[in-house]
Amino acid sequence: MISAAFSPAAVTAAAKETAGPGVTFDQVSVAYRGAVVLKPLTMAVAGGEILAMIGPSGSGKTTALRAVAGFVRPASGRIFIGGTDATNLPPYERGLAMVVQNYALFPHMRVSENVAFGLKARGADRDLIARRIEESLRIVGMSQYSKRFPRELSGGQQQRVAIARALAVRPRVLLLDEPLSALDAQIRRSMVEEVARLHADLPDLTILYVTHDQSEALTLADRIAILKDGELSAIGRTGELYRRPPNRFAAEFLGRANLLPVVVSGEDHHPAGARRLLCVRPQNLTLTGDAERSNSLKAILREIHWQGELTHVVAAIGEQILRVVATRLPNPPQRGDRLSLFFAPADANLIVEDAGV
């Protein structure tokens, strides 16, 4: 496991010097009744970026988010928001807003009243409240629904109102905890686009986005943090982390990966004779070779599934299963056929077997 590509001292110094609304975890751990659910986490989130935190259930991602919000108290370490040590601040003094998966709208209040709730709790004047209601509903495309009750809205519309309520208080950081998981697939895809547009309209807003949906993370996030068993397994810019996962867990959790055991024959970044895993994504394996694809694998076709624009091929090298996603396959092979699978050297990555780097 890794905690991050930062030393604790460097992260603390950076947090104190940061004027923007970034978030910094400095060796933050959380325990419930003596059981450690988040091991010392050191990680910096830049102001204005979207960081997605993904991982299986129980990995610690929601706990980390709740620690930032002030809903759980760290057993050790410090949390900085901008240059301020917020570890001991109450939630309402942190300049944050949080949206959860169950919307949490007040059923007896109209949309405008729900959006105004946080502002009224802060004692804002009536003119400011009216202006913020109008602005926030416009941002999420819900201006025409201000007089409706939550029961008169669809799930996607309710979630937009929840986001508008969060934006109305002008947070420095927006925390999103599985905000789309209660929606059906089509609405969820639409809402992902809405969140992306929201951030384009509010580029200075820092977003920490907890999700179990890898496609959401890949679509939205500037960077992704992958957690496992309460520890940070990997973190990096979205495209680079997908193309060059540092360990097996990251490769398998962030999208499908073909992992073949190999022995290094020459020294480069790995010593000769070292046992590694060759990582190739399914879309980077093809059934057609060319001059740019100098590597080939001999396999037997196990299954083939046509799914509209894509054809999914399952092949085997002995007991090793390989998956191929083909966009054009005019003459599909048949089960039992011998296949040659090709990949470009640039599309492959050597990783270590265990979860650490």
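The values are calculated or read from the model by the stated rules, or taken from the named source; none is laboratory data. On a predicted model such as this, the values are computed, not experimentally measured, just so you know. Glycine gets a Cβ as well: all are built from the backbone with ideal geometry, and neighbour counts include every protein chain shown.
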Under the condition of being within 28 Å of the chain's Cα centre (by Cα) and surrounded by fewer than 17 Cβ atoms within 10 Å (Cβ to Cβ), which residue from region 318-346 is farthest from Ile226 (Cα to Cα)? Thr327
Check every one of the strands (runs of 3 or more DSSP E) wholly within region 13-126 and list those with 3 or more residues that are modelled with pLDDT of 95 or more. 23-32, 35-45, 50-54, 76-81
Going through (1) in contact with a strand residue (DSSP E or B) (Cβ under 8 Å, 6 or more places away or on another chain); (2) modelled with pLDDT of 90 or more; (3) not polar (S, T, N, Q) one by one, Glu178 fails only at (2)
Scanning region 154-194 for residues that are surrounded by 16 or more Cβ atoms within 10 Å (Cβ to Cβ) and at positive phi gives Glu178
Can you tell me which residue among Ser146, Ser136, Ser154 is closer than 26 Å to Phe71 by Cα, out of contact with any Gly (no Cβ under 9 Å at 6 or more places or on another chain) and in contact (Cβ under 8 Å) with a residue 12 or more places away in the chain? Ser136
Tell me which of these Leu301 doesn't satisfy, since it passes every other one: (1) closer than 19 Å to Gln283 by Cβ; (2) at pLDDT 90 or above; (3) out of contact with any Gly (no Cβ under 8 Å at 6 or more places or on another chain). (3)
Can we say Gly239 is part of a helix (DSSP H, G or I), surrounded by fewer than 16 Cβ atoms within 10 Å (Cβ to Cβ) and out of contact with any helix residue (DSSP H, G or I) (no Cβ under 8 Å at 6 or more places or on another chain)? yes
List, please: which pairs have Cβ atoms under 9 Å, are six or more places apart or on different chains, and start with a residue in region 48-65 that is within 13 Å of Leu174 (Cβ to Cβ) and end with one that is among the polar types (S, T, N, Q) and part of a strand (DSSP E or B)? Gly48/Thr206; Glu49/Thr206; Ile50/Thr206; Leu51/Thr206
What is the residue count in region 157-180 for residues that are more than 23 Å from Gly70 (Cβ to Cβ) and in the same structural domain as Gly48 (by TED's automatic domain parsing)? 1
Residue by residue through region 134-148, note down the ones that are over 29 Å from the mean Cα position of the chain (by Cα) and either buried (at least 17 other Cβ atoms within 10 Å of the Cβ) or in a loop (DSSP other than H, G, I, E, B) (or both). Tyr145, Ser146, Lys147, Arg148
Note on region 242-253: residues surrounded by fewer than 20 Cβ atoms within 10 Å (Cβ to Cβ) and in contact with a helix residue (DSSP H, G or I) (Cβ under 7 Å, 6 or more places away or on another chain) are Tyr242
By residue number, the members of region 316-340 that are under 16 Å from Pro261 (Cα atoms) and hydrophobic (A, V, I, L, M, F, W, C) are Ala316, Ile317, Ile321, Leu322
Tell me which of these Asp337 doesn't satisfy, since it passes every other one: (1) modelled with pLDDT under 90; (2) in contact with a Leu (Cβ under 7 Å, 6 or more places away or on another chain); (3) charged (D, E, K, R). (1)
Failed criterion for Ser181 (all others in (1) part of a helix (DSSP H, G or I); (2) touching a His at 6+ places or on another chain (Cβ under 8 Å) hold): (1)
Leading residue by the ranking (surrounded by the most Cβ atoms within 10 Å (Cβ to Cβ)) among those in region 306-317 that are at pLDDT 90 or above and of a type in the set (Gly, Ala, Ser): Ala315
Could you tell me whether Arg151 is of a type outside the set (A, V, I, L, M, F, W, C), in contact with a Lys or Arg (Cβ under 6 Å, 6 or more places away or on another chain) and either surrounded by fewer than 17 Cβ atoms within 10 Å (Cβ to Cβ) or at pLDDT 90 or above (or both)? no
Given the options Ala10, Ala5, name the one that is out of contact with any strand residue (DSSP E or B) (no Cβ under 6 Å at 6 or more places or on another chain), at pLDDT below 90, closer than 28 Å to Thr219 by Cβ and not in a strand (DSSP E or B). Ala5
Out of the residues in region 58-97 that are closer than 25 Å to Phe117 by Cα and hydroxyl-bearing (Ser, Thr, Tyr), which is surrounded by the fewest Cβ atoms within 10 Å (Cβ to Cβ)? Tyr92
Scan region 184-214 for residues that are out of contact with any Leu (no Cβ under 9 Å at 6 or more places or on another chain), over 22 Å from Leu254 (Cβ atoms) and not polar (S, T, N, Q) and jot them down. Asp184, Glu194, Arg197, Ala200, Asp201, Pro203, Asp204
